[in-house]
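Participant: Here you go, one structure.
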Amino acid sequence: MLCGNIINKVYCDNFSIVKLACSDTRVNNIYGLFFTVISSIPLLLILYTYMRILRVCFSGSKQTRQKALSTCTPHLASLINFSFGVLFEILQSRFDMSSVPNMLRVLLSLYFLTCQPLFTPVLYGLKMSKIRIICKRLLCGEV
């Protein structure tokens, strides 16, 4: 049974519905936050592994460093972008955001849905020389 019908987001997600319940949802919130912390362990392991890979590659030649950076940078940037988007979404849904301006809440809720799908193809596309040259021309105003 729901005791309300107003969702303070641009779209509907699971925890927004849970917060409309008539009963106390603190246990549900604690349970969700606990598993959020547990699920961040793989992210930490991935970041640790990348740091180890980069450390080994930076002890090698200049060509090895360039190859490692060109390979690892898009992966790391995409992973960090995704992780921040998920973090924003979790924080916004689990904590009281009434003190945050409404426009900022809307932007944070849309970040996860829009920035990740737009950012990743551009990031990986910039590795291709033809796309990189076209982007440089667009950004620098060259014809």
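Participant: Identify all residues within region 1-33 that are without any contact (Cβ under 8 Å) to a residue 12 or more places away in the chain and either farther than 25 Å from residue 113 by Cβ or in contact with a His (Cβ under 9 Å, 6 or more places away or on another chain) (or both); write none if there are none.
Facilitator: Answer for region 1-33, where residues must be without any contact (Cβ under 8 Å) to a residue 12 or more places away in the chain and either farther than 25 Å from residue 113 by Cβ or in contact with a His (Cβ under 9 Å, 6 or more places away or on another chain) (or both): 23, 24, 26, 27, 30.
Participant: Just checking, how many residues over region 3-48 are over 23 Å from the mean Cα position of the chain (by Cα) and either loosely packed, with under 10 Cβ neighbours inside 10 Å or in a loop (DSSP other than H, G, I, E, B) (or both)?
Facilitator: 11
One line per residue, one yes/no per condition, for (1) assigned to a helix (DSSP H, G or I); (2) small (Gly, Ala, Ser); (3) open to solvent by 100 Å² or more (accessible area, probe 1.4 Å); (4) without any contact (Cβ under 8 Å) to a residue 60 or more places away in the chain:
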{"position": "110", "(1), (2), (3), (4)": "yes, no, no, no"}
{"position": "113", "(1), (2), (3), (4)": "yes, no, no, no"}
{"position": "120", "(1), (2), (3), (4)": "yes, no, no, yes"}
{"position": "130", "(1), (2), (3), (4)": "yes, no, yes, yes"}
{"position": "134", "(1), (2), (3), (4)": "yes, no, no, yes"}
{"position": "139", "(1), (2), (3), (4)": "yes, no, yes, yes"}
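Participant: Taking the criterion of being touching a residue at least 12 places away in the same chain (Cβ under 8 Å) and hydroxyl-bearing (Ser, Thr, Tyr), would at least one residue in region 94-101 satisfy it? Give the steps one after another, and end with the answer.
Facilitator: Taking region 94-101 first, the residues touching a residue at least 12 places away in the same chain (Cβ under 8 Å) are 94, 97.
So of that shortlist, the ones also hydroxyl-bearing (Ser, Thr, Tyr) come out as none.
No, there is no match, as no residue in region 94-101 is touching a residue at least 12 places away in the same chain (Cβ under 8 Å) and hydroxyl-bearing (Ser, Thr, Tyr).
Participant: Kindly indicate the residue of region 49-60 that is open to solvent by less than 60 Å² (accessible area, probe 1.4 Å) and not aliphatic (A, V, I, L, M) and also nearest to the chain's Cα centre (by Cα) among those meeting that condition.
Facilitator: Taking region 49-60 and keeping what is open to solvent by less than 60 Å² (accessible area, probe 1.4 Å), we get 50, 54, 57, 60.
The next check asks that each one be not aliphatic (A, V, I, L, M); those that pass are 50, 57, 60.
On the way: 50: 17, 57: 26, 60: 31 Å.
In this case the residue turns out to be 50.
Participant: Taking only region 87-106 into account, find how many residues are crowded, with 16+ Cβ neighbours inside 10 Å and hydroxyl-bearing (Ser, Thr, Tyr).
Facilitator: 1
Participant: Being over 30 Å from residue 35 (Cα atoms), open to solvent by less than 80 Å² (accessible area, probe 1.4 Å) and in contact with a helix residue (DSSP H, G or I) (Cβ under 6 Å, 6 or more places away or on another chain), is that true of even one residue in region 68-86?
Facilitator: Filtering region 68-86 down to residues over 30 Å from residue 35 (Cα atoms) leaves 68-71.
Checking the rest, the ones that are also open to solvent by less than 80 Å² (accessible area, probe 1.4 Å) come to 68-71.
Add one more test, that the residue is in contact with a helix residue (DSSP H, G or I) (Cβ under 6 Å, 6 or more places away or on another chain), and what stays is 68.
Within region 68-86 (the criterion being over 30 Å from residue 35 (Cα atoms), open to solvent by less than 80 Å² (accessible area, probe 1.4 Å) and in contact with a helix residue (DSSP H, G or I) (Cβ under 6 Å, 6 or more places away or on another chain)), the answer is yes, since at least one residue qualifies.
Participant: Assuming residue 65 fulfils every condition listed in (1) under 27 Å from residue 132 (Cα atoms); (2) of a type in the set (Lys, Arg); (3) open to solvent by 100 Å² or more (accessible area, probe 1.4 Å) apart from one, which condition is it?
Facilitator: All conditions pass for residue 65, except number (3).
Participant: If you don't mind, there's one more thing I want to ask. In region 91-104, which residue that is modelled with pLDDT under 80 and part of a helix (DSSP H, G or I) is farthest from the chain's Cα centre (by Cα)?
Facilitator: Within region 91-104, the match that is farthest from the chain's Cα centre (by Cα) is 94.
The values are calculated or read from the model by the stated rules, or taken from the named source; none is laboratory data. Since the model is a prediction, treat every value here as computed from it, not as a measurement. Every residue, glycine as well, gets a Cβ built from its backbone with ideal geometry; the counts of neighbours run over all protein chains shown. When the accessible area is computed, the model is the full protein with side chains, heavy atoms only, and any ligands, DNA or RNA have been set aside. Shrake-Rupley method; radii C 1.70, N 1.55, O 1.52, S 1.80 Å.
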